[in-house]
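So the structure is just underneath, and the comments pick up after that.
The values are calculated or read from the model by the stated rules, or taken from the named source; none is laboratory data. Since the structure is predicted, the reported quantities are computational estimates derived from the model, not experimental observations. FYI the Cβ positions are ideal-geometry reconstructions off the backbone, even for glycines, and counts take in every protein chain you see. Each accessible area value is taken on the protein alone, full model and side chains, heavy atoms only, with ligands, DNA and RNA left out. Shrake-Rupley method; radii C 1.70, N 1.55, O 1.52, S 1.80 Å.
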Amino acid sequence: MQNENVPEEIDDIPVSDTEHTDGEPGTDGLVTQLRDAEERALRAQAEIENVRKRGQRQLEDALRYGEMNLLRDILPVLDNIERAIDASESTTDVETLREGFRMTGSQIEKLLESHGCESIKTENEVFDPAVHEAISQQPGNGAVPGTVIGVTSRGYVLHDRVVRPAQVIVAANE
């Protein structure tokens, strides 16, 4: 069954306003609709370009200023270190200075953890080349061969990525 409003010949349907310049009835509405559609398409393209540029700027800003929160958190620690240096010039109490540095170190560890950076476990751990860097092997004095028996530099992971592997001494076969 064929619709009454649909012409039988497809060739009778105007394709563009350039085919009919004699002002056939009904073409003005189609031309207007076509111009409106073209204008909407151009506006949509412009909006997409604006969104792309805005996203690029936001990405560049995030990369450029991404460490801002970490830096704001580190500055009080730096202030404490400067206070400890000033205090060391006016005191001979080594134990007080040592305790001050322990507290500052603890403050740094907590700050790192709050930013998702944690220390790699090493004590009595089986050597794992993914997170440990063996700098030497030594007799383990009863430790299981292949386990970590000493640490020269602590390692850190940020979420699931190694920032710096722990430099360790590994128990050798005796």
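Some notes on this structure:
- The residue that is farthest from E67 (Cα to Cα), counting only those in region 110-141 that are open to solvent by 80 Å² or more (accessible area, probe 1.4 Å) and assigned to a loop (DSSP other than H, G, I, E, B), is N141.
- V144 part of a loop (DSSP other than H, G, I, E, B), open to solvent by 70 Å² or more (accessible area, probe 1.4 Å) and at pLDDT 90 or above: yes
- Any hit, region 97-105, residues being among the polar types (S, T, N, Q) and surrounded by fewer than 15 Cβ atoms within 10 Å (Cβ to Cβ): no
- Subset of region 147-162 (residues that are without any contact (Cβ under 8 Å) to a residue 40 or more places away in the chain, in a loop (DSSP other than H, G, I, E, B), open to solvent by 50 Å² or more (accessible area, probe 1.4 Å) and within 22 Å of G105 (Cα to Cα)): R154
- Matching option when the condition is out of contact with any helix residue (DSSP H, G or I) (no Cβ under 8 Å at 6 or more places or on another chain) and at pLDDT 90 or above, among R98, R57: R57
- Of all residues in region 72-94 being at pLDDT 90 or above and of a type in the set (A, V, I, L, M), the one that is surrounded by the fewest Cβ atoms within 10 Å (Cβ to Cβ): L75
- Single residue of region 163-174 satisfying the filter (closer than 14 Å to T122 by Cα and surrounded by fewer than 18 Cβ atoms within 10 Å (Cβ to Cβ)) that is nearest to the chain's Cα centre (by Cα): R164
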